[in-house]
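One structure below.
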Amino acid sequence: YSSKKEIFNSYSKGGLTNIWGANILPYNQADIKNWTITNSDLVKNYNFISDIINVQSIENNELNEKFNYSYKNKYGKKREGIRDDQTNKILNELNSIKEILYKENIFFGETNIALDDQNDCTKCGFCFYGCPHDVIFNSKKTLNQLNSNKNFHYNSNYKVINFRESDNNVVLKLYNYTNKKHSFEKCDKLFL
């Protein structure tokens, strides 16, 4: 707690995926109109990432259709709805006023989720606290895979302030939490 209402960072491996790793939401093309990449570039990478993290979707996912989001999961899995009573009540309430919300460009529905293909959800209700059964995707699993590559190096206790490309390298401005100093580093690639 801070009386200055400061935001405290999580320094844990996996970051926000420790609690939010499952949600893989579709995007609207209007959301990326000012980006430097095209929609076709993004779709190609979404498909690639969907394979790595095992994204699963319910049949006839209205949000995917609404946002023209389509991916091909190599596992070919379609999941059953993983809903608890609270989720059912919220969705029922939203469905009762669906036309009104859609006219205001407010869309809702079930998300695509990234699940471990080795474990099944027990519907314990702890999704937002961090899955106790490691069913929900967590980027620390991907980090462990990357660490096995000799060309990958993970630096802890750093915050990336900004980065830019220069001479086929990535120049990083970093903040080191250990010595509380800023520094600049170069690397071939940066994974955020």
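The values are calculated or read from the model by the stated rules, or taken from the named source; none is laboratory data. Please read all numbers here as calculations on a predicted model, not as lab measurements. Cβ: placed from backbone, ideal geometry, glycine included. Neighbour counts: every protein chain shown. Surface accessibility is based on the protein's heavy atoms, side chains included, excluding ligands, DNA and RNA. Shrake-Rupley method; radii C 1.70, N 1.55, O 1.52, S 1.80 Å.
What the table below lists for this structure:
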quantity: Any hit, the stretch 167-190, residues being closer than 18 Å to Asn54 by Cβ and surrounded by 11 or more Cβ atoms within 10 Å (Cβ to Cβ); calculated: no
quantity: Condition broken by Asn144, with the remaining ones in (1) within 18 Å of the chain's Cα centre (by Cα); (2) closer than 20 Å to Lys13 by Cβ; (3) open to solvent by less than 90 Å² (accessible area, probe 1.4 Å) satisfied; calculated: (3)
quantity: Condition met for Asn105 (under 29 Å from Lys44 (Cβ atoms), modelled with pLDDT under 80, of a type outside the set (Val, Ile, Thr) and open to solvent by 80 Å² or more (accessible area, probe 1.4 Å)); calculated: no
quantity: Of residues in the stretch 11-47 being within 25 Å of Arg83 (Cα to Cα) and modelled with pLDDT under 65, the one nearest to the chain's Cα centre (by Cα); calculated: Gly21
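Condition check ((1) closer than 30 Å to Lys89 by Cβ; (2) free of Cβ contacts under 8 Å to residues at least 60 places away in the same chain) across all residues:
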{"site": "Glu104", "(1), (2)": "yes, yes"}
{"site": "Asn112", "(1), (2)": "yes, no"}
{"site": "Asp120", "(1), (2)": "yes, yes"}
{"site": "Asn149", "(1), (2)": "no, yes"}
{"site": "Lys159", "(1), (2)": "no, no"}
